1. Working only within the stretch 158-188, note down all residues that are within 16 Å of the ligand (Cβ to nearest atom) and over 19 Å from the mean Cα position of the chain (by Cα).
2. Of these, V253, V248, which one is more than 21 Å from the chain's Cα centre (by Cα), without any contact (Cβ under 8 Å) to a residue 40 or more places away in the chain and in the same structural domain as E279 (by TED's automatic domain parsing)?
3. Here is a check on your reading of the model: is V363 within 16 Å of A230 (Cα to Cα), β-branched (V, I, T) and either touching a Lys or Arg at 6+ places or on another chain (Cβ under 7 Å) or open to solvent by less than 40 Å² (accessible area, probe 1.4 Å) (or both)?
4. Can you tell which of Q592, Q569 is away from the ligand (no atom under 16 Å from the Cβ) and either at pLDDT 85 or above or not assigned by TED's automatic domain parsing to the domain that holds T509 (or both)?
5. Restricting the search to the stretch 579-612, which residues are more than 26 Å from T528 (Cα to Cα), open to solvent by 20 Å² or more (accessible area, probe 1.4 Å) and not acidic (D, E)?
6. Take the conditions more than 16 Å from the ligand (Cβ to nearest atom) and of a type in the set (G, A, S) and apply them to S515. Does it pass?
7. Checking the structure you have, find out if any residue of the stretch 93-100 is aliphatic (A, V, I, L, M) and open to solvent by 70 Å² or more (accessible area, probe 1.4 Å).
8. Among (1) open to solvent by 40 Å² or more (accessible area, probe 1.4 Å); (2) under 60 Å from the mean Cα position of the chain (by Cα); (3) not aromatic (F, W, Y), which single condition is V105 missing?
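The values are calculated or read from the model by the stated rules, or taken from the named source; none is laboratory data. Here the structure is a predicted model, which is why all the values come from computation and not from measurement. Every residue, glycine among them, receives a Cβ derived from its backbone with ideal geometry; neighbour counts consider all protein chains shown. Each accessible area value is taken on the protein alone, full model and side chains, heavy atoms only, with ligands, DNA and RNA left out. Shrake-Rupley method; radii C 1.70, N 1.55, O 1.52, S 1.80 Å.
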Amino acid sequence: MHYFLRALREAAKSWPLLAAAMLCSAGVAALWGANIAALFPIIEVTLRGESLQSWNEDRIEVARRRAEEGRAEQKTLEQEIAAGSRTGKDLAWARSRIDTLTLNVAGDDAIVYSAERLAPWLERFFPTDAFQTVLLVVAFVVASTFIKHVLLLGSTLLVAWVAMNISRNIRLKVFDKALSLDRAQFMRHGSAGFMAQVTATSEMLANGITAVYGGMVTEPLKIIACLGCALFVSWRLTLACLLLAPVVGFLMVWLNRRMRRIAQGVLSRSKGYHHVLLEALNNVLTVQAYTMEPFERQRFRDCTRDMMRFGMRNAFYHALANPITEVLGIGMVATSIAVGAWLVINQETQIFGITMTEQPMTVPGIMIFFGFLIGASDPVRKLSGVVTGLNMGIVGAQGIYPLLDTESKLVEAAEPKQLPSPHREIRLENVSFSYDGIDTVLANVNLTIPFGERVAIVGPNGGGKSTLVNVICRFYDPTAGRVLLDGVPLTELSLHDLRRRIAMVTQQTELFNESIYYNIRYGRWDATREEIEDAARRAHAHEFIAEFPEGYRTMVGPNGFRLSGGQRQRIALARAFLRNAEILVLDEATSQIDVESERLIHEALARYVENRTVIMITHRASTLALADAIVEVEHGQVTKRPADRSRAA
Ligand code: ADP
């Protein structure tokens, strides 16, 4: 719950909008009550052919007469008591009758007082003709309904804006988090995890916020407006009608718990669903090559069926919320009809010895009372939808905030140090690294790479070559020891400063579903067209690009699927060349390029690598030929030796 409160607090930052929305809601509630209050009595009065003014005068006259009769009876009784003509039971009855009369007289005096105040207003604003009065009331109801809906639209839009804004902000934060976590932290959630958070979870949270700021205010306000008016008509009768409320309240709490659990189920199923979907689609070639379509289809069927099952349960409890709240509404109305009708038919003020009203109720009086109760029961029903939304919000917040609270292990230096470019050396001091805290991948590594050196990293698979490079580029911080650039630990440099010194090409080239031009330009956004083409020439990519009908504007498809592996690597190389960084990292970067092209690239590389540090993970002798030093990584141990150029060549 406290996570959801956090979301609500964040939403509350847009308080001017929410305040405006609440004002609109208050207006809606007031008009809701006013419509009911206006319709019943006035129509009742005017359909009898009376005008409001004459009805008011009659009221004054009747109340005045009743008050006078009451006073007279009271006086007679007092005199009889004083004269001692009433004794025993009769005396007690007379005393209680005097009390009742006092109350009734006070009530009648109040009616006279309020009706006399009302008279000039009725004179000024209401026609004296009954039909015209009906037209006026009808016009009022139509106009107030129109205004009510304008206000409702305003409040809905304002709350929707706040909720969508929050959900957008949360999406931005999830995206930022995904980009800032270190690689191991990212992989713990995976693309599917982040996808589910960005779509389903933030949607649930937005629903919750809309429910709270939209319905949690409007609907209770409507209930309060109607019950307040009903209390005004007869507070005892209103309380009597609310006898069912605790039972329904208990049922709602129970339902609430069930719905929250189901919302949690829906969320976890949605994560699984994204996972199965993305995995099958991203690895579609493997799925097809190994004819695993039936298996994947079954997996997807299973998880969608699972989702459907939860969806049905959700729908069931959601639907159950309606009858429960409606039972409260109908229960209220039914009780009030029974009690009210008994009072009106028998012209009584008491039921089971409990005083319900001061005056016997009139038909318009009980009609308006029913009207208020019916008016209160509709928002009570709608409140169940609000409760569902609230539950979704709570579950969504519980899913999303722990992720947002995950601190990235790559902590940015508070006051980053500045270093001149180019650097003089990269040094690893007693660096150890472990992904899981158990298996040591790098053990006490000491290594110095002076600026301008070309280092080839070799060793068996799983030896720790990529890990070593990742630690140098600060995709991970070492578990122990330090990586220093010109004597300054990487942790004291800004990540941006460090990464702008590095150009990297990995074995799995990552391309965007954009043009070739866009993909190369990603290396340096301000590069000119000539510079981009020059980089492409050096990476021996220009030849094949020029053969495409659309040249550099050719769209490469998702992850570059329209290109061959070698073509993709050449584009990635061009991107790295364009970056013109002082450290070039090549992780098996030419592994998929044919021998002839690779030879040409190496020629270009030999020219390009002048005056920069190059770190190459490679097995190829031709690449080794470029190296000044060989770093061998095996079982986390690192040894460096000068390259034996004659042998490598
Ligand atoms: P190389 O590049 O020499 O083939 P790596 O540096 O990729 O080796 O991997 C070294 C070891 O670290 C391997 O045993 C591998 O299983 C493990 N490893 C690599 N990446 C991760 C990761 N993200 N989480 C856990 N273990 C990993």
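1. Residues of the stretch 158-188 that are within 16 Å of the ligand (Cβ to nearest atom), as a first pass: 178, 181-188.
Selection gives L181, D182, R183, A184, Q185, F186, M187, R188.
2. Working: V248 fails: without any contact (Cβ under 8 Å) to a residue 40 or more places away in the chain.
Going through V253, V248 in turn, the sole match is V253.
3. Numbers: within 16 Å of A230 (Cα to Cα): yes; β-branched (V, I, T): yes; either touching a Lys or Arg at 6+ places or on another chain (Cβ under 7 Å) or open to solvent by less than 40 Å² (accessible area, probe 1.4 Å) (or both): no.
Criteria not met by V363.
4. Details: Q592 fails: either at pLDDT 85 or above or not assigned by TED's automatic domain parsing to the domain that holds T509 (or both).
Sole residue among the options that is away from the ligand (no atom under 16 Å from the Cβ) and either at pLDDT 85 or above or not assigned by TED's automatic domain parsing to the domain that holds T509 (or both): Q569.
5. Correct list: S591, Q592, V595, R599.
6. Yes.
7. Within the stretch 93-100 (the criterion being aliphatic (A, V, I, L, M) and open to solvent by 70 Å² or more (accessible area, probe 1.4 Å)), the answer is no, since none of the residues qualifies.
8. Checking V105 against (1) open to solvent by 40 Å² or more (accessible area, probe 1.4 Å); (2) under 60 Å from the mean Cα position of the chain (by Cα); (3) not aromatic (F, W, Y), the one that fails is (1).
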